[in-house]
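One structure is given here, and the rest of the page talks about it.
Quick note: the coordinates plus some simple rules give every number you see, no bench work behind them. These figures come from a predicted structure and were not determined experimentally. Methodologically, a virtual Cβ is constructed for each residue, glycine included, from the backbone with ideal geometry; neighbour enumeration extends over all protein chains shown.
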Amino acid sequence: MTSRISGLLALSLTLAIAGGVWAGDETGVVEPAPVEGAPGEFTFAAVVRRAEELAASPYAPDRPDLPDYLANLNYDQYRDIRFNRDHNLWRDEGLPFQVNFFHRGFLAKDRVSINVIDNGQAKPVAFSHDLFDYGKNLVPQEMPADLGYAGLRLMYPLNHDQIFDDLAVFQGASYFRALPKDLNYGLSARGLAIDTGLPSQEEFPVFREFWLRKPERDATEITAYGLLDSESVAGAYRFVIRPGVETVIDVKAHLFLRKSVQKLGIAPLTSMFFHGENTDRFMDDFRPEVHDSDGLLVETGHGERIWRPLVNPIGLRVSDFQVENPRSFGLFQRDRDFTNYEDLEAHYQNRPSVLIEPIGDWGKGVVELVEIPSSAELYDNIVAYWIPEQATRSGQELEFAYRLRFAKDPEAGMLGGRAIATRVGASGTAELDSNKRKFVVDFAGETLAGLDPETPVEAVIATTSGELSQPVVQANPETRGRRLFFELTPDGATPADLRAFLRHGDNVLSETWSFRWVRE
């Protein structure tokens, strides 16, 4: 797993840190303590009440000062702190899930309280020095009992029956990510995005407390609750996590606004795109492509599927897709060919795609894509989320439910044509004209593969500026699909929003390819 620090997005270092997990009789679970607002059996309603109470008070982050021996660690020293897997939570009980915890230190300054729900009662998990291996770090045996944790990791026999693999990690602000069978960590989800891509400083809500419901011996899912807090919003979250070839997380969010928010991003995803086959400037890299995700998919309420290839721009780009009650949206890694990456360590061909499926009516709004200039692959520079059309206000209460699908191919059952590659270069044949841009888009899918190569297929293309050449569509025997060629004559430096899809007669054969060309 390749680690990276989310420079321009200000966070996202610690998800890469290796560690262990926790269990046995020495679990660190102390005697039951009353959970505020949750008399009797613990329920999600208790977390909702906690969030409502938080929102009624001024924001006060849970970030007590760290001792110098933790606050002054560098990145490598912090990575050297690992949880002792012999202490995995529930390890000695033979349960299908295990848990471990991350240590506070370095940039992980927020204290995250963690509780276990057993027989209906929530019990806090006490911090203990003895649960960790500190490597070469010199730390005292006695540490503050209230030091707390920086996050948690869920484990499950995802790939082998007797080996507990990483399943999901909640660490760093409101970031979390999960793994399906046979894939590596890649993009992250977040609880909430606030003011992303604005000139003002982005606000990063934090999951300050979690409750884990102890699973039964035959459980195929695990439930976690999270308490989110920030200057503008407090919220209660429920996560029901079902591991498998496709790991599914059902999310329910109940939000309370302390104050109005200019841009409230619901169900945000954060990823990395450094360069790919559509990058039309020189990248001094032996690898053809470097990215965790290569495109944004948006499926509108009336069934249109829009595919936007990602870019690493020279300047900040923000793109909005107007959608009422979206069926789904997500960041995908469609390219699964190792030869397009040639990276024996990062294995970018094995990064998961994530599809978000809203549950219920979300109403009018936009799916927004933010693409941030990046100088290296260690920066998460891609963000996508849903923004409600209705402006937020202080004291407002909002509820959202959605499903996240972490999978190798969430579109496996789709028959229509998908844009699997986008290439951009200078126009011309004998002599290239860099003032014109040639676009080459490959579409593939079962519908296209089933057509006779001689079947006439036409492209419908459009642009918001500049002039387009007559499109050409050819059968591509290598993909069993169709390749689209066209040229753009730009209108000076005016950006051009391009759209294209394939059809045969009145039958639409592909999704809508969307691309923003900007002279850089």
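A few comments on the model shown:
- When restricted to Cα atoms, segment 46-164 yields an Rg and a Dmax of 16.3, 48 Å, respectively.
- In this simple spin-label approximation, Asn325 and Asp76 carry label points 7 Å from Cα along the Cα→Cβ vector, and these lie 5.7 nm apart.
- For the chain, dividing the convex hull volume of the Cα atoms by the residue count gives 160 Å³ per residue.
- Computing FRET efficiency as 1/(1 + (r/R0)^6) for Val440 and Asp284, where r is the C-beta to C-beta distance and R0 is 22 Å, gives about 0.40.
- From phi via Karplus (6.51, -1.76, 1.60), per-residue ³J(HN,Hα) for segment 506-513 in Hz, x at Gly/Pro: 8, 8, 6, 9, 9, 5, 8, 7
- Among Ser188, Gln171, Ser510 - extreme Cα towards positive end, dipole of the chain, charges at beta-carbon: Ser510
- A simple rule links phi to the HN-Hα coupling: the Karplus curve 6.51 cos²θ - 1.76 cosθ + 1.60 with θ = phi - 60°, which for segment 126-131 gives 7, 6, 9, 4, 6, 7 Hz, with x for Gly and Pro.
- Cut-off 20 Å (backbone N to label point 7 Å along Cα→Cβ of Lys259), residues of segment 197-241: 197-207, 228-235
- Paramagnetic reach from His504 (point 7 Å along Cα→Cβ, amide N under 19 Å) across segment 439-465: 442-461
- Acute angle (nearest 10 degrees) that the helix 44-55 long axis makes with the longest principal axis of the chain, alpha-carbon atoms: 90
- Percent of beta bridges antiparallel (DSSP, the chain, rounded to nearest 5): 95
- Cα centre as origin, Lys/Arg/Asp/Glu Cβ charges: segment 418-517 dipole, Debye: 260
- Length available on full extension from Val240 to Ala475: 0.36 nm per residue minus the Cα-Cα distance, which gives 80.2 nm.
- Length gained on full extension, Asp218 to Asp130: 28.7 nm, using 0.36 nm per residue less the C-alpha separation.
- Calculated [θ] (222 nm, deg cm²/dmol) that DSSP helices of n ≥ 4 give over the chain, each run adding -39,500 (n - 2.57): -1000 deg cm²/dmol
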